[in-house]
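Just so it is clear, none of the values below were taken in a lab; they were calculated from the coordinates. Because the structure is predicted, anything quoted here is derived from the model rather than measured. Virtual Cβ from ideal backbone geometry, glycine too; neighbours counted across all protein chains shown.
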């Protein structure tokens with residue numbers, strides 16, 4: 001395996017939830033056809049608003065839920081069923097950090113228990129003293145010192161930031177190659193977010209972990225990530241190097257997302273309300289046809305309503321392609337083709353009506 | 001101005017260190033009272049039959065005598081010593097309580113947690129079973145079942161009581177398990193690779209502690225009352241003495257109408273006291289598990305006291321200043 005091959009890859013992964021209404025059955029398309037690759041030593045951010053399916057991706061990658069369709073590949077190998085030795089091995093390589101540090105630690109167990117369990121589950125057999133020493137080393141690695149004191153504490157004695165560090169230490173205990181961080185700082189006080197983010201960045205860049213950073217905050221993604229993927233209504237709409245995506249957003253949704261974040265440098269009236277005036281995020285049990293953003297898109301064209309746009313390249317750099325799934329960026333001929341196709345598709349219908 | 005000062009004092013007044021020391025459960029006055037009373041009855045259950053002055057079945061003494069030096073709690077119509085009956089009966093009643101509560105709680109946890117955690121058709125079947133046992137009237141079923149097990153002493157009765165008494169607890173455990181199983185820390189345990197069995201026993205069940213304890217205490221009361229009811233109706237074991245048996249004979253001999261209060265009040269009071277002590281322990285445990293219940297009342301009391309003291313001090317200072 002080459003070093004620049006992805007460690008963990010999702011290929012066309014979809015996750016649908018069945019919903020039962022009275023007398024009606026439906027499906028919520030939480031995630032549709034998402035392809036994502038995580039690389040060693042790189043931080044990949046998935047950005048999107050609430051309900052866009054970004055946490056679902058993390059849960060599918062952590063194998064807490066099975067994908068409805070699509071495939072996960074670890075080190076290039078397709079992963080098997082979630083049981084047995086192979087599944088354990090997967091969990092030993094892919095670990096998750098949960099969003100809410102107040103919910104992700106068991107209130108009755110000590111910090112030591114939380115970190116020692118994964119050590120005992122995944123590591124080689126060790127004596128009690130060795131496990132204890134490793135727990136202390138892990139606590140020091142996430143800057144919880146004096147480690148001896150923290151090991152004895154229970155979650156309710158810790159602050160949100162300290163709990164999140166315990167959570168990170170627990171994930172690191174299995175020596176994973178991939179770390180999935182589902183909004184790791186959104187429940188933390190603003191003043192301590194930077195510390196946790198810097199810790200994660202150190203783990204990603206210095207220790208060579210592949211890190212997935214899920215967030216709704218595109219500004220932190222720019223600060224923190226190497227690559228940014230923007231998600232809307234269950235689909236990825238734009239992706240590429242963090243600088244390119246945040247500085248020259250190609251997809252109208254990304255532009256609105258960036259505009260909606262307050263920025264002291266930007267002059268004039270803040271116009272974050274534009275997307276809201278164009279309506280709410282769509283109901284994913286009945287997603288819009290074509291491009292899912294078209295009902296809210298200020299630049300929507302007829303073709304957007306008809307066909308879902310594929311990925312179009314809009315530039316590159318930093319070894320990664322910058323792409324957007326938007327008809328605005330279709331090469332001329334393809335745009336025409338799509339429109340012709342659309343006309344053909346409509347033709348039989350119109351004749352049929354006559 | 002003065003009001004602000006008062007509030008600030010009340011809030012910043014340090015809580016006395018005394019309140020933080022000791023076994024947590026015993027910090028609450030209610031729980032302490034309950035534990036002391038319950039402890040006395042446990043002691044009686046252990047040593048009662050040994051310290052009983054007479055054989056409780058021994059007839060031939062003075063008949064229907066009110067309490068005296070020779071018979072501290074008087075005698076029955078057939079000349080048996082009531083104190084001996086109450087002391088000997090303590091062991092049976094408490095044993096039925098302990099055994100029935102333990103068995104019923106174990107059943108409730110087993111069925112409730114399994115239903116809640118496994119879900120699917122397992123949950124459907126176990127929930128249906130629980131609901132059936134919930135709607136069956138407990139006492140008639142108990143009477144029918146004890147009829148089958150005639151003459152077996154106290155143990156079959158305890159088993160029957162636990163079989164009829166587990167369903168309510170199982171429903172509680174199931175509901176709480178449903179709420180806990182989707183907590184992030186359970187998901188995190190799964191994401192780390194814990195096996196389901198260990199997740200349930202190590203991560204989940206300890207968090208059910210509060211309702212398991214309260215379920216145990218309630219089943220304990222329920223078992224003692226049911227055993228007393230059965231014996232009172234003459235359906236209990238007639239070979240062993242329990243508080244209910246004494247009550248049965250008292251009722252049979254119209255102790256009420258003849259005014260022989262020393263015959264029925266002691267066993268009745270024992271049953272009431274055990275029930276009350278368990279309820280008190282439960283209140284205390286409740287306050288412990290849900291700190292919002294207790295300390296607020298205490299804090300308010302403390303704040304009011306501080307306010308009063310300050311007002312008094314201010315008043316005194318004012319009086320001194322005027323002349």
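Averaging the sequence gap over all C-alpha pairs within less than 8 Å and six or more residues apart, then dividing by the number of residues, gives region A:98-242 a relative contact order of 23 percent. Taking every residue in A:113-121 and counting other chain Cβ atoms within 10 Å of its Cβ, the average works out to 3.
Sorted on the mean count of surrounding Cβ atoms within 10 Å across their residues, most packed first, peptides A:81-93, A:181-193, A:229-241 read A:229-241, A:181-193, A:81-93. Quick check: from the Cα gyration tensor, does region A:8-225 come out rounded (a/c under 1.5), prolate or oblate? The shape class here is prolate. Classify region B:21-149 from the C-alpha gyration tensor, please: rounded if a/c falls under 1.5, else prolate or oblate depending on whether a/b exceeds b/c. Verdict is oblate for region B:21-149. With a 10 Å cut-off around each Cβ of A:100-107, the average count of Cβ atoms from other chains is 5.
A prolate overall shape is assigned to region B:129-257, the ratio a/c of its alpha-carbon gyration tensor axes (a ≥ b ≥ c) being 1.5 or greater and a/b exceeding b/c.
Counting neighbouring Cβ atoms within 10 Å and putting the fewest first, the residues A:304, A:326, A:297 line up as A:297, A:304, A:326. If R0 is taken as 25 Å, the Cβ-Cβ distance between residue B:261 and residue B:43 corresponds to a FRET efficiency of 0.50.
The mean sequence separation of alpha-carbon pairs under 8 Å and at least six residues apart, normalised by the residue count of chain A, gives a relative contact order of 19 percent. Each stretch of four or more DSSP H residues adds -39500 (n - 2.57); spread over every residue of chain A, this sum gives -11000 deg cm²/dmol at 222 nm.
Per-peptide packing, taken as the mean over residues of other Cβ atoms within 10 Å, places A:197-209, B:176-188, B:158-170 in the sequence B:158-170, B:176-188, A:197-209 from highest down. Available extension along the chain between residue B:312 and residue B:254 is 14.8 nm, counting 0.36 nm per residue and deducting the alpha carbon span.
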